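Student: I have a structure I would like to understand better, so I am pasting it below and will then ask my questions one at a time.
The values are calculated or read from the model by the stated rules, or taken from the named source; none is laboratory data. Since this is a predicted model, take the numbers as computed values, not measurements. Cβ atoms come from the backbone with ideal geometry, glycine included; neighbour counts cover every protein chain shown.
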Amino acid sequence: MPRQYLPVLVCIALAFGLGTVLLALSWFAGRQTGGEAKRSTYESGLPLLDRSRKRLSVIFFLVALDFVVFDVEAAFLYPWALVARDGGWPLFWAIGVFLAFLLAGFAYVWRKGGLEVRPPAAGSGTSTP
Amino acid sequence: MSWSWLDWLREAVGQPQFTLLFAPAAKFLVAIFAIFLLIAYLVFAERRLLGFLQVRLGPNRVGPWGLLQPIADILKLLVKEDTIPNRAVRWAYLLAPCLVVAPALVIFSVVPFGPSPTAPGAPRWYVTDLNAALVFVVALASLGIYGIILGGWASNNKFSLLGGLRSAAQMVSYEVPQGLALVGPLMLAGSLSLVGIVEGQARLGLWFAVPQIVAFFVYFVAGVAETNRNPFDLPEAESELVAGFHTEYSGVRFALFFLGEYANMIVISAIAVTVFLGGWLRPFPSVEALAFLDLVPGVAWFFLKVFAFLFLFIWFRGTFPRFRFDQLMDLGWKWLIPLSLANVLVTGLVVVLVDRGP
């Protein structure tokens, strides 16, 4: 079985190699003039007004948490999907219980407002993402 | 010496290393070259089509009907200066574009472009037929997020960082319904291999898009969102974020991000065609009266369907306005996920009730 996967490794190496070749090509083809102004951080032509490492909206963190929970559960459905036909009713009820837990969690997150990305109230100081 | 290069070649083809390493590598390079060409002309087609949709001409000056425009664009991007901002985190800034492009290209190593030939020894239309191809595709497709968020963070520019974060939040949200939508066809086919899924549709005599219309819809909407295309192109909302995660990128690095986005469009189309629209099968594969359609080779059917999807992508861009961020999240979490979960349950119920092999 691992024999099928060997070509994939070759392809991964080739794909990264191709990216590197393109970069090298432009390094030789293009003229590098450089200059301080060109290498400064983009701020629409103004002097830099703001840091980029600053506090971010907590919503991104919430989305990440929701993702971890639900994507892992989605991955658990794949093995069941493969054997659903042979498994018949016993397996269907088993996965039904699993999905019921998943849906309960989903409903809980929804009711708690974990899926809301709008700030709680206008003018409360939080910024939109 | 009686050895000519032909003898050497015949000898080499017989070696086990050849079938294991060199044949896949050569096939993959050919496929990648075709994909590059396709992307170059996809960009051109997009600019022309958008031109027509907006009642203007689009690029038509370089070569006849503007057909050499992509070549000019590529040359321009190659000779542009490759700037690295002083404040950027160098290694991550340099690595990010490759991380976006490479996974999208590797996916093409498992996509079957055409039917397997009946004659033994004849070349097949895929590089390798993994038994877990669908999981492999989903896994690699989500790797592209790393490149985008790494590029946004490494640029050390607030526009880039916000664009990268938005992009990550969006792609991560739509990955869940996308993964769930694929469970339905999987249940019908009973196989994770892409070749197996197409063969499952041949056995059923019906494209999975018909019994799995809900999953098909969810998959495609999530796919458009995954590629950051209109109407989900918030990461690059130029009125708010300049150019999003690739604000600081120039020259060939920008081209690599661009290449990644278009390669991902083709990936989404190719997987949608393989899983839902019968891959290389002709329309209505079980209707005998349409057998004359088999005169068109399977590869042509495959690419015809892929082109239809690519046209849809461009059409969307010419038609829909951009979503707001909260609308985007609502659509993903409150509509597509419940819809795809319901589809999984109903499909499971039907499969167990009917208990009939396709």
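Student: So B:W125 ticks every box in (1) in a helix (DSSP H, G or I); (2) hydrophobic (A, V, I, L, M, F, W, C); (3) more than 8 Å from chain A (Cβ to nearest Cβ); (4) surrounded by fewer than 23 Cβ atoms within 10 Å (Cβ to Cβ) but one. Which box is left unticked?
Tutor: Single failed check for B:W125: (1).
Student: Still on this structure, I have one more. Would you confirm, using the coordinates I've provided, whether A:D66 is closer than 30 Å to B:F159 by Cα, free of Cβ contacts under 8 Å to residues at least 24 places away in the same chain and either surrounded by fewer than 18 Cβ atoms within 10 Å (Cβ to Cβ) or not hydrophobic (A, V, I, L, M, F, W, C) (or both)?
Tutor: Spelling it out, it is not the case that A:D66 is closer than 30 Å to B:F159 by Cα, free of Cβ contacts under 8 Å to residues at least 24 places away in the same chain and either surrounded by fewer than 18 Cβ atoms within 10 Å (Cβ to Cβ) or not hydrophobic (A, V, I, L, M, F, W, C) (or both).
Student: If I go through the range B:227-258 residue by residue, how many of them are part of a helix (DSSP H, G or I), surrounded by 24 or more Cβ atoms within 10 Å (Cβ to Cβ) and away from chain A (no Cβ under 13 Å)?
Tutor: 0
Student: Follow-up. Could you list, ordered by first residue, the pairs with Cβ atoms under 7 Å in which the first is in the range A:30-58 and in contact (Cβ under 8 Å) with a residue 12 or more places away in the chain and the second is surrounded by fewer than 13 Cβ atoms within 10 Å (Cβ to Cβ) and in a loop (DSSP other than H, G, I, E, B), at least 6 apart or interchain?
Tutor: A:S57/A:S127
Student: Out of B:A88, B:A45, I need the residue that is small (G, A, S), closer than 24 Å to B:K158 by Cα and either touching a Lys or Arg at 6+ places or on another chain (Cβ under 9 Å) or touching a residue at least 40 places away in the same chain (Cβ under 8 Å) (or both). Which one?
Tutor: The unique qualifying residue is B:A88.
Student: Can you run down the residue pairs with Cβ atoms below 8 Å, 6 or more apart or on separate chains, where the first is in the range B:336-349 and at the interface with chain A (Cβ under 7 Å from one of its Cβ atoms) and farther than 23 Å from B:S173 by Cα and the partner is β-branched (V, I, T) and assigned to a helix (DSSP H, G or I)?
Tutor: From residues that are at the interface with chain A (Cβ under 7 Å from one of its Cβ atoms) and farther than 23 Å from B:S173 by Cα, the pairs are B:G348/A:I95.
Student: Taking the condition of being surrounded by fewer than 24 Cβ atoms within 10 Å (Cβ to Cβ), over 16 Å from B:V350 (Cβ atoms) and not charged (D, E, K, R), how many residues in the range B:177-206 meet it?
Tutor: 7
Student: On to the next question. For the range A:44-73, name all the residues that are facing chain B (nearest Cβ under 8 Å) and either touching a Gly at 6+ places or on another chain (Cβ under 7 Å) or β-branched (V, I, T) (or both).
Tutor: Looking only at the range A:44-73, we keep the residues that are facing chain B (nearest Cβ under 8 Å), and these are A:44, A:50-54, A:56, A:59-60, A:63-64, A:66-67, A:70-71.
Once the filter is applied, which keeps residues that are facing chain B (nearest Cβ under 8 Å) and either touching a Gly at 6+ places or on another chain (Cβ under 7 Å) or β-branched (V, I, T) (or both), the range A:44-73 yields A:I59, A:V63, A:D66, A:D71.
Student: Sort out which residues of the range A:22-57 are exposed (fewer than 11 other Cβ atoms within 10 Å of the Cβ) and aliphatic (A, V, I, L, M), and write them in order of number.
Tutor: Passing the criteria: A:A37, A:L46, A:L49.
Student: Could you say whether any residue in the range A:27-43 is within 8 Å of another protein chain (Cβ to nearest Cβ), closer than 29 Å to B:Y146 by Cβ and part of a helix (DSSP H, G or I)?
Tutor: Scanning the range A:27-43 turns up at least one residue that is within 8 Å of another protein chain (Cβ to nearest Cβ), closer than 29 Å to B:Y146 by Cβ and part of a helix (DSSP H, G or I).
Student: Mind checking whether some residue in the range B:61-69 is within 25 Å of B:T227 (Cα to Cα) and in contact (Cβ under 8 Å) with a residue 40 or more places away in the chain?
Tutor: no
Student: While we're looking at this one, here's another question. Can you tell me which of B:K27, B:K80 is among the charged types (D, E, K, R), surrounded by 14 or more Cβ atoms within 10 Å (Cβ to Cβ) and in contact with a Ser or Thr (Cβ under 8 Å, 6 or more places away or on another chain)?
Tutor: B:K80
Student: Tell me yes or no: at least one residue of the range A:1-9 is in contact with a Lys or Arg (Cβ under 9 Å, 6 or more places away or on another chain), more than 22 Å from B:S155 (Cβ to Cβ) and at the interface with chain B (Cβ under 7 Å from one of its Cβ atoms).
Tutor: Yes, the range A:1-9 contains a residue that is in contact with a Lys or Arg (Cβ under 9 Å, 6 or more places away or on another chain), more than 22 Å from B:S155 (Cβ to Cβ) and at the interface with chain B (Cβ under 7 Å from one of its Cβ atoms).
Student: Give me the pairs, please: first residue somewhere in the range B:91-102 and facing chain A (nearest Cβ under 9 Å) and closer than 17 Å to A:A24 by Cβ, second residue anywhere and of a type in the set (V, I, T) and surrounded by fewer than 22 Cβ atoms within 10 Å (Cβ to Cβ), beta-carbon distance under 8 Å, and either six or more positions apart or on two chains.
Tutor: Note: pairs meeting the criteria are B:L94/B:I84; B:C98/A:T20; B:A102/A:I12.
Student: Specify the residue that is surrounded by the most Cβ atoms within 10 Å (Cβ to Cβ); the eligible residues are those in the range B:300-335 that are of a type in the set (D, E, K, R) and within 14 Å of chain A (Cβ to nearest Cβ).
Tutor: Among them, the one singled out is B:D330.
Student: If we only count helices (runs of 4 or more DSSP H) wholly inside the range B:130-216, which ones have 3 or more residues that are farther than 30 Å from B:S250 by Cα and more than 10 Å from every other protein chain (Cβ to nearest Cβ)?
Tutor: Here the list reads B:194-204.
Student: Has the range B:165-176 got at least one residue that is among the small types (G, A, S), in contact (Cβ under 8 Å) with a residue 40 or more places away in the chain and out of contact with any Pro (no Cβ under 6 Å at 6 or more places or on another chain)?
Tutor: So far as the range B:165-176 goes, yes, one or more of its residues are among the small types (G, A, S), in contact (Cβ under 8 Å) with a residue 40 or more places away in the chain and out of contact with any Pro (no Cβ under 6 Å at 6 or more places or on another chain).
Student: Right, next: Which condition number in (1) more than 7 Å from chain B (Cβ to nearest Cβ); (2) in contact with a helix residue (DSSP H, G or I) (Cβ under 9 Å, 6 or more places away or on another chain) is the one that A:A84 fails?
Tutor: (1)
Student: Is it fair to say B:V89 is out of contact with any strand residue (DSSP E or B) (no Cβ under 8 Å at 6 or more places or on another chain), outside the structural domain of B:A202 (by TED's automatic domain parsing) and of a type outside the set (D, E, K, R)? Before the answer, list the steps.
Tutor: Values: out of contact with any strand residue (DSSP E or B) (no Cβ under 8 Å at 6 or more places or on another chain): yes; outside the structural domain of B:A202 (by TED's automatic domain parsing): no; of a type outside the set (D, E, K, R): yes.
Here the answer is no, as B:V89 does not meet what is asked.
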